[in-house]
């Protein structure tokens, strides 16, 4: 029987900045336009957090029953370690998805019902990342899902549900979404770079496995550079106060140096920490900068 601490570790709280960051950044853009609605922002945060926890438990379940986690370098996996039964972890994943669906339905009722379709796609993408007979995360498409759903959809969606319409606030949210999406992707790339040896043995063909070690490291650095450019574009469209988001790139910089220096295995764990923190600080910088502006 897994303890409460093990369930918390299974939820992988290190990855939660990937859920908080899009909502902060998108709300900052809404605030800059004077259309912020705080209770809608709070519901968007519930959706994002619940989806992230659901993804983590779903990955734990699917990778565990496939045996992918039999020899793992990273944090605890409940199924792979035998701490919890597969059925329990699967139920936890669907409970989190259910919470996201309830909060999403409230937002859709207050804004536009077509958002229900977007939410359904997000849940399906979360499950089939490692679930089903042909998980797309095993085919090297995980970064695409992260960029689309934890970047574009999460940031632009957060701004849209507060603005209640398409217009300039949503347009300004696009470069914001690109910045946050690139940093979220960089976190996944660093994770998969660490796991290249074990993923190859398990037949998990992530993008890192397909690119190889050297090109994966180049891709990580490129993502951070694209995030930097996106923040500058946002500042040019709105206010130079948005450049506060660049502080997050500075926070992530130690991870960049470690990746470029050839760190492997457990030595890449600090890269995950600095990248996740960098994403969160970037979002906070954008949020504060937009409020000040």
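The values are calculated or read from the model by the stated rules, or taken from the named source; none is laboratory data. The shown structure was predicted, so the numbers you read here are calculated from the model rather than taken from an experiment. In this analysis, Cβ positions are derived from the backbone assuming ideal geometry, glycine residues included, and neighbour counts consider all displayed protein chains.
Residue 147 satisfies every condition listed in (1) part of a helix (DSSP H, G or I); (2) crowded, with 22+ Cβ neighbours inside 10 Å; (3) in contact with a helix residue (DSSP H, G or I) (Cβ under 6 Å, 6 or more places away or on another chain) except (2). Among the residues of segment 111-129, is there at least one that is at pLDDT below 90, closer than 22 Å to residue 278 by Cβ and outside any loop (DSSP other than H, G, I, E, B)? No, there is no match, as no residue in segment 111-129 is at pLDDT below 90, closer than 22 Å to residue 278 by Cβ and outside any loop (DSSP other than H, G, I, E, B). Checked against the criterion of being within 30 Å of residue 199 (Cα to Cα), touching a helix residue (DSSP H, G or I) at 6+ places or on another chain (Cβ under 9 Å) and in contact (Cβ under 8 Å) with a residue 12 or more places away in the chain, segment 232-246 contains not a single residue that satisfies it.
Please go through segment 192-206 and pick out each residue that is farther than 17 Å from residue 270 by Cβ and modelled with pLDDT of 90 or more. Listed by number, the list is empty, since nothing qualifies. Look at (1) under 23 Å from residue 26 (Cα atoms); (2) surrounded by fewer than 23 Cβ atoms within 10 Å (Cβ to Cβ); (3) touching a residue at least 24 places away in the same chain (Cβ under 8 Å) and you find that residue 140 fails only one, number (1). For segment 118-142, a residue qualifies if it is out of contact with any helix residue (DSSP H, G or I) (no Cβ under 9 Å at 6 or more places or on another chain) and within 28 Å of residue 106 (Cα to Cα), and exactly one does: 124. Is it true that residue 199 is within 20 Å of the chain's Cα centre (by Cα) and either in contact (Cβ under 8 Å) with a residue 24 or more places away in the chain or within 18 Å of residue 63 (Cα to Cα) (or both)? When the stated conditions are applied, residue 199 does not pass them. Taking residue 211 as the residue in question, decide whether it is surrounded by 13 or more Cβ atoms within 10 Å (Cβ to Cβ), under 26 Å from residue 25 (Cβ atoms) and modelled with pLDDT of 90 or more. For residue 211, the condition - surrounded by 13 or more Cβ atoms within 10 Å (Cβ to Cβ), under 26 Å from residue 25 (Cβ atoms) and modelled with pLDDT of 90 or more - is not met.
Residues that are free of Cβ contacts under 8 Å to residues at least 24 places away in the same chain and under 19 Å from residue 166 (Cα atoms) were ranked within segment 81-124; the one that is surrounded by the most Cβ atoms within 10 Å (Cβ to Cβ) is 108. Restricting attention to segment 150-169 and to residues that are touching a residue at least 40 places away in the same chain (Cβ under 8 Å) and under 26 Å from residue 63 (Cα atoms), the residue that is surrounded by the most Cβ atoms within 10 Å (Cβ to Cβ) turns out to be 150. Filter segment 64-83 for residues that are at pLDDT 70 or above and over 21 Å from residue 100 (Cβ atoms) and give the result. Within segment 64-83, 64, 65, 66, 79 qualify.
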